[in-house]
Ligand code: AR6
């Protein structure tokens, strides 16, 4: 029997406004916060998220969370049960790091499945400070979610901060249909 893919929705806005089981954070390997979507999530979610991140560092990730991996914490005051932190690759013109970017989506979905999350909101990982071109980032995101979402995750949202990103995700979704 073939598994039915999740319903994928595009949202133009701020990911910290989403009401879902899991909100994905485009973090860095320190797990100690940063700018962009990471800063927004910690600001809105409050100190409980950083507290959990510090515990994870102490227990498992003394050297930092590796690129392409994902790990969950509380969502603090966000309208979600968990924040899933993933570390995207910095874009490079000399090395193809697409597999690592796909791995962020795959690993986040795997963690969501393990937690029992049915709905998840992703930002466009690596496409801000880490410099990934949004058209390519959108294609990798859409393709990987289609391929890798566990059956239990039925509602996947990509939350795009700006109009250009939203359009590129629209194109990527249309091309995959
Ligand atoms: N909601 C949705 N999308 C957002 C929001 C928001 N509130 N804020 C920004 N974006 P970035 P990266 C978009 O830079 O490239 C941090 O310092 C943004 O327009 O947040 O993976 C971390 O600590 C862009 O399209 O993440 C790391 O050091 C996308 O989210 C580093 O940045 C990702 O942009 C990670 O860089």
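Please report the spacing between the Cα centers of the stretch 68-98 and the stretch 111-177 in Å, no decimals.
Spelled out, the Cα-based centre of one part sits 12 Å from the other.
When the chain is fully extended, how far beyond the present Cα-Cα distance does residue 43 get from residue 55, taking 0.36 nm per residue of separation? List each step's numbers first, then the result.
Numbers: separation 12, 0.36 × 12 = 4.32 nm, distance 1.85 nm.
Full extension from residue 43 to residue 55 adds 2.5 nm.
At a 10 Å Cβ-Cβ cut-off, how would you order 161, 169, fewest neighbours first? Show your work: numbers first, answer last.
Details: 161 19, 169 25.
If I rank by nearby Cβ atoms, fewest first, I get 161, 169.
With the cut-off at 1.5 for a/c, could you classify the chain from its C-alpha gyration tensor as rounded, prolate or oblate?
Working: a/c = 1.42, a/b = 1.23, b/c = 1.15.
Rounded, since a/c falls under 1.5.
What nm value, rounded to one decimal, do you get for the distance between residue 151 and residue 96 when each label is placed 7 Å out toward the C-beta?
The answer from the label model is 3.3 nm.
With a point put 7 Å past each Cα toward its Cβ, work out how far residue 171 is from residue 79 in nm, to one decimal.
With each label point 7 Å from Cα toward Cβ, the separation is 3.1 nm.
First measure r as the distance between the Cβ atoms of residue 135 and residue 30, then evaluate 1/(1 + (r/R0)^6) with R0 = 41 Å and state the FRET efficiency to the nearest 0.05.
With a Förster radius of 41 Å, E is 0.90.
Given the chain, what percent of its DSSP beta bridges are antiparallel, to the nearest 5?
Numbers: 5 of 23 bridges.
Looking only at bridges with both residues in the chain, the antiparallel portion is about 20 percent.
Per DSSP H run of at least 4 residues, take -39500 (n - 2.57); add these up for the chain, divide by its residues and hand me the 222 nm value, nearest 500 deg cm²/dmol.
The per-residue figure over the chain is -13000 deg cm²/dmol.
Could you work out the relative contact order of the stretch 20-177, using alpha carbon pairs under 8 angstrom and six or more residues apart, expressed as a whole percent? All intermediate terms of the calculation are to be shown ahead of the outcome.
Values: 290 pairs, mean separation 38.2, N = 158.
Reported as a whole number, the value is 24 percent.
Translational diffusion coefficient of the stretch 1-92 at 25 °C, 0.890 mPa s, Stokes-Einstein with Kirkwood Rh over Cα pairs, in µm²/s as a whole number. Walk me through the numbers on the way to the answer.
Numbers: Rh = 13.9 Å.
The calculation lands on 177 µm²/s.
Read-outs: derived from the displayed coordinates by stated rules, not from any lab. Since the structure is predicted, the reported quantities are computational estimates derived from the model, not experimental observations. Positions of Cβ are backbone-derived with ideal geometry, glycine not excepted, and every protein chain shown enters the neighbour counts.
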